[in-house]
Amino acid sequence: MDTTEKVLEIMRTEGQPLNAGKIAELGGLERKAVDKAMTQLKKEEKIVSPKRCYWIPA
């Protein structure tokens, strides 16, 4: 499972808006890797932001 898939899975599992720091903490990932994965997910429109700096699956 690559980082983008793992980030998306963490978001689905939690069921609430999360920021990159919390995703990194929950997944045991590096913050830079999470930021990069989230940038990719934003481009693909797979995640949306209900409030500033927090994201949920689209």
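A few points about this structure:
- Per residue, the accessible area of the range 3-57 comes to 67 Å², computed with a 1.4 Å probe over protein heavy atoms only.
- Projecting the Cα positions of A37, C53, A24 onto the charge dipole of the range 3-57 (unit charges on Cβ atoms of Lys, Arg, Asp and Glu, taken about the Cα centre) puts C53 furthest along the positive direction.
- Extension gain from E25 to T39, taking 0.36 nm per residue of separation minus the Cα-Cα distance: 3.3 nm
- Long-range amide H partners of L29 with built H, under 5 Å: none
- Of all accessible heavy-atom area on the chain, the percent that carbon and sulfur account for (1.4 Å): 47 percent
- Against the set (i) 47, 15, 12; (ii) 38, 30, 13; (iii) 24, 20, 18, the structure's computed Cα extents along the principal axes in Å falls on (iii).
- When you filter the GluC sites (Glu not before Pro) in the chain for DSSP loop state and at most 11 other Cβ atoms inside 10 Å of their Cβ, you are left with E30, E44, E45.
The values are calculated or read from the model by the stated rules, or taken from the named source; none is laboratory data. This one's a predicted model, so the numbers in the text were calculated from it and none came from an experiment. In this analysis, Cβ positions are derived from the backbone assuming ideal geometry, glycine residues included, and neighbour counts consider all displayed protein chains. For accessibility, only protein heavy atoms count, side chains too; no ligands or nucleic acids. Shrake-Rupley method; radii C 1.70, N 1.55, O 1.52, S 1.80 Å.
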